[in-house]
Each structure stands twice: as C-alpha cells, then as structure tokens.
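Scroll down for the structure; my scribbles are underneath it.
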Amino acid sequence: MSDGTTLLFGLPGVRVERVERLADGTRVVHVATADEAAAACPACGVVSGSVKGRVRTSPRDIGYGEDRIMVRWTKTRWRCREDYCERGSFTEAIAQIPAGARTTRRLRTQIGAAIGEAARSVTEVAIAHGVSWPTAHRAFVAHAEGLLREPEPTRVLGIDETRRGKPRWEHCTETGRWVRVDPWDTGFVDLAGDQGLLGQREGRTGATVIAWLSERSVPFREGIQYVAIDPAAAYASAVRTPGLLPNATLVVDHFHLVKLANDALTKVRRRITWDLRERRGRKIDPEWANRRRLLRGRECLSEKSFAKMWNQIQAEDPSAQILTAWIAKEELRTLLATVRLGGDPHLTRHRLHRFLTWCIDSQIPELLTLAATVDDWWPEINAFV
C-alpha cells in the first residue's frame, strides 16, 4: 500500500498494509507497526531482535466520513534476551494504542471532547462511537482532568455535601466483589472570589476533606482564613487537623442553620398530622395547606396571609406545637440576623438565651434537638460574622 494511504489514515506508529471492504460494506484497514521503538522492552528498554510470534488485535478507532472502519493491527511479540531483565517477552505497543488498550487514543480524545465540549450525554456518545458507557465515561474524565488547573488561593473556602442519585453497587474487577458507591460528594467552593467550584470528591467523610486539602499547595492552604461548613462533625474534625489549615477559622453557614430549623418545623407538622388523623397530610388539612407559608420568613408574609395561616393552624392543632416550632424558627432567624449584621454582643447573647429558653420550655423533641445543635456549634455560628 502506498505511503499516501498511511498518511491519509493518520494513525502515528503504524503503516497501512491494505484495505478491504466486507460484504456488509464495512471497510477493514490492515496495519502493521511502523515505530521502531515498539520493539524496545518496556522493562529494560533494550531493543529486541528475537521474534516470538505475531498477534492480531482490533482496536476501535474513529470513523472515516459517515462510516465506521475496522482496524486489524498485526503486531509482533518479542523475546527479551537481556540476562538481568525479568521480563521474558512483550508485545508491541505504540503511543496511540498502549498495551492492553482496546481503543485508540484519538478515539478516546474525540469521545471526551464530544461529552465535555458539546455537552452531550455519556450514553449518547458511547452509542455513537460504538463503545461501552464506562469506556466513554473514562474518556470524559481524562478529558476533564486535562483541562483542570490548580485552584488559586482563596480567603474563604466553602465545604458542603451534594447527593447524586441513589446508592448503587458496582463490581470491582480487582477483588471480584460488589462495592457500594457512596451517593454523596463533597464540594469545595471559593466563597471570596469568582472561581466557583474548586473541586469535588466522592464521599462526605473527614478523610475526603483531608485528602483533597492535602493535595493543595502550601500557599493555598496557608491563605485560607475562613472555612464555612454546615454543622457536620466530620468536616469540622477534618478542618481542625493540626497543620492542615494553620490560619483558618471554622464558621458555620447560617443558611444550613435555617434549613435545620425548617426541617425541625416540618417534622413537627408531620408528627402532629399523624397524631390527629393517623395518616399523611392532605390538601384539606390546614397544616398541610399552609406548609409553604410555615417555611417562609415572617417578613415575606402579608398580614392577611399570616393571619390566615396562624388562625387555621391554631384552630386545628390543640397542642400548639406547630406554631411553637414556627416561632422557634423565627427566633433563630432573628438571632442569626443579629450576628450577621454585627450586632452588639449583649443583644446577641440575649437573643441566644431567648431562643434556647423557648425551645427548652416547649419540651418538643425536635426543638430540643435544634437547640442542642445551635448551643454546641455556637462559637462557629458566632464567628460567621
């Protein structure tokens, strides 16, 4: 076959021997190794001249025009005659097709770009290129890692977890066992600049945080002055690891505290509904119909809307636990607003005492848990200023 055909095929390290067309129209390109370095032992680097045999593989490659092509690569298996080399034999490999690879590097590059740059789904690209989903996903990961750069230092680092789907099980090819994939990821965000998401790791443990931070440069870790988290003991323990973030102050994000208060209010509402009706809430139930008003801030409700919510729930809940939980939520929001606006310490302590007293006096289990959480994390909450 002429050199022009090899040049047109364009796969470095091989030369085209011949091209044939099968009955179904598939074009088969037969290639042989053209890279002399492929005869060098991967262990000792000595070029071998002893042929052990020949093998033929069919690595998947990019298409030609609108059609796919099939590659047949005839390569040599060499013996390594060096006495000090423990490797007895090896098979040729080139940069485009490393040892054990079933796809060419240019195909993987094309797949990764199709997913990452064109925003196409992994499944769609895998089908279009005739590869499996894991192969396409690995190509995308390699493409993304090539574009990622070390994040710039930031004064304020945010750490939070994100759930991605349901827990699932994957088969580990090394151990042969089924491994549960953690549905939670930990994200690291620049809260002081415009870098956005700095990194993301599977899992939401302290070890996950320590591993990511340990990979960052010393100037990056020393430049962090504040670390904002939700009330998660695992994250707090990781941030406080000696020498990890020497200049960082741990703070608790107020958003998550309000969310905890809303969650406690929702739990009280659902429990009262079960106690009153022995079923889940329906739209005919006042506490269910007002569930969204309960979660909104008082300043966001008109007088008419607030009065409607208050009167309907008060008439339906003789224990008054739902409205008690709503007041606790609003007391916490008032407390956090005082801290956030830099209120004087005396007023802050007064409102903290008022919130804790309200929750404790209510003896509502959900509010007792909320009060305990706020009390335990108060130094970090107060530092959010």
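Contact annotation: residue pairs with Cβ atoms under 9 Å, 6 or more positions apart or on different chains, pairing a residue in the stretch 270-295 that is assigned by TED's automatic domain parsing to the domain that holds T324 and within 25 Å of V258 (Cβ to Cβ) with a partner that is of a type in the set (A, V, I, L, M, F, W, C) and part of a loop (DSSP other than H, G, I, E, B), are R293/L301. Considering T135, T173, T109, the condition of being farther than 30 Å from P246 by Cα, modelled with pLDDT under 90 and either outside any loop (DSSP other than H, G, I, E, B) or not assigned by TED's automatic domain parsing to the domain that holds E66 (or both) is satisfied by T173 alone. Can you tell me which residue within the stretch 304-334, out of those that are part of a helix (DSSP H, G or I) and of a type in the set (D, E, K, R), is surrounded by the fewest Cβ atoms within 10 Å (Cβ to Cβ)? Among them, the one singled out is K304.
From R163, R168, grab the single residue that is over 24 Å from H256 (Cβ atoms) and not β-branched (V, I, T).
Working: R163 fails: over 24 Å from H256 (Cβ atoms).
From the options R163, R168, the qualifying one is R168.
On the stretch given as the stretch 212-233, residues that are outside any loop (DSSP other than H, G, I, E, B) and closer than 26 Å to D376 by Cβ total 7.
Going by the structure shown, is D253 closer than 25 Å to A337 by Cβ and either surrounded by fewer than 16 Cβ atoms within 10 Å (Cβ to Cβ) or at pLDDT 95 or above (or both)?
Details: closer than 25 Å to A337 by Cβ: yes; either surrounded by fewer than 16 Cβ atoms within 10 Å (Cβ to Cβ) or at pLDDT 95 or above (or both): no.
Against the criterion (closer than 25 Å to A337 by Cβ and either surrounded by fewer than 16 Cβ atoms within 10 Å (Cβ to Cβ) or at pLDDT 95 or above (or both)), D253 does not qualify.
Among the residues of the stretch 28-56, those that are exposed (fewer than 15 other Cβ atoms within 10 Å of the Cβ) and part of a strand (DSSP E or B) comprise V28, V47, S50, V51, G53, R54, V55, R56. Residues of the stretch 143-161 that are touching a strand residue (DSSP E or B) at 6+ places or on another chain (Cβ under 8 Å) and loosely packed, with under 12 Cβ neighbours inside 10 Å: none at all.
The values are calculated or read from the model by the stated rules, or taken from the named source; none is laboratory data. If you're wondering where the values come from, they're calculated on a predicted model, not measured in any experiment. Counting neighbours? That spans all protein chains shown, and the Cβs are built from the backbone with ideal geometry, glycine included.
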